[in-house]
Amino acid sequence: MSIGSDLTAARERADMTIEQLSAATRIRTGLLIAMEADDFSRCGGNFYARGHIRSIARVVKADPAPLLAAFDAEHAAEEEKSRREERAAVKKPKLNPARPRWAVVVGAILVSLMGWGMVRLFTLPSDIEANASKTATTTATVTTPTPKPTPQPTAKPTKKPSAKPPALKTELTMTARNDGTYLTVRDRTNRKIFQGRLSPGIAQSVTSAGDIRVQVGNPNNLIIVLNGKRIPTTLTKFTAHPNGTLTKT
């Protein structure tokens, strides 16, 4: 059994409703319903979730030790991962690159220009004499052979991948009755599609490719229609399949 199921069983053994437990522990009814559905994300952190578990156990006369041990075993890995991400998010100090000294750069350029001017000043007469003594030169014609075209490889036709058959769809409609119930719906990839409380007379319809996983607080307060067919069930956790059947999760 899960932690939420253990909390529900302990409350029912104490013959208490959600509203009575909320008044005794001062925990909101919506949060109590979520905890009994194994959703502790609304507690504000693992520290507060443990405190709520202790308060509930004290009121319903249950031993909190096994409940806290099960909670720590299930959420310790998530807490350690969160701490590692926080440590990795700390920014390292940035080093500012040294700025170049422009005076040194400009001085080096000026020295180079002055040296080039002095060289030209002393070599200019020799260049004029050399140009005057040159005779007419015969220009030789150089014939460059035309390069042969490189043969291009023949492209092989590629096979188109065969299209995969589309996944079968599951159409699920859930209508609340009596006092309503808390509901969590996920698709086959465990992506959350819907989570919340269904009031009496309110319907929630879900269409997804493949299986649909459902977790319900009180299955007696829920009418289930799968692929157009009404299916009664007392399971708090079940999976709806495209072939129109329900199995226990």
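The values are calculated or read from the model by the stated rules, or taken from the named source; none is laboratory data. Worth saying up front: this structure is predicted, and the values here are computed from it rather than measured. Cβ coordinates were reconstructed from backbone atoms using ideal geometry, including for glycine residues, and neighbour counts include every protein chain displayed. Please note that ligands, DNA and RNA were not included when accessible areas were found on the heavy atoms of the full protein model with its side chains. Shrake-Rupley method; radii C 1.70, N 1.55, O 1.52, S 1.80 Å.
For the reader, a short list of remarks on this structure follows.
- For the stretch 145-177, the set of residues classified as closer than 30 Å to residue 242 by Cβ, assigned to a loop (DSSP other than H, G, I, E, B) and modelled with pLDDT under 90 consists of 160, 161, 162, 163, 164, 165, 166, 167, 168, listed by residue number.
- All positions within the stretch 200-249 that are basic (Lys, Arg) and in contact (Cβ under 8 Å) with a residue 12 or more places away in the chain: 213, 229, 237, 248
- For residue 216, the requirement of being more than 13 Å from residue 184 (Cβ to Cβ) and in contact with a Ser or Thr (Cβ under 9 Å, 6 or more places away or on another chain) is not met.
- When residue 75 is tested against (1) modelled with pLDDT under 90; (2) surrounded by fewer than 10 Cβ atoms within 10 Å (Cβ to Cβ), only condition (2) is not met.
- Single match in 49, 23, 37, 69 (criterion: among the small types (Gly, Ala, Ser), touching a Gly at 6+ places or on another chain (Cβ under 8 Å) and modelled with pLDDT of 90 or more): 37
- Residues that are in contact with a Leu (Cβ under 7 Å, 6 or more places away or on another chain) and among the basic types (Lys, Arg), drawn from the stretch 198-249: 248
- Output for the stretch 200-249, where each listed residue is more than 13 Å from residue 172 (Cβ to Cβ), under 31 Å from the mean Cα position of the chain (by Cα), at pLDDT 90 or above and among the hydroxyl-bearing types (Ser, Thr, Tyr): 236, 247
- Spans of strands (runs of 3 or more DSSP E) in the stretch 182-233 with at least 2 residues surrounded by 15 or more Cβ atoms within 10 Å (Cβ to Cβ) and in contact with a Cys (Cβ under 7 Å, 6 or more places away or on another chain): none
- Conditions (1) among the small types (Gly, Ala, Ser); (2) open to solvent by 60 Å² or more (accessible area, probe 1.4 Å); (3) in a loop (DSSP other than H, G, I, E, B); number of the one not met by residue 62: (2)
- Taking every residue in the stretch 1-18 that is over 14 Å from residue 53 (Cβ atoms) and pairing it with any residue that is surrounded by fewer than 17 Cβ atoms within 10 Å (Cβ to Cβ) and of a type in the set (Val, Ile, Thr), at least 6 positions away or on another chain, the pairs with Cβ-Cβ distances below 8 Å are 18/29.
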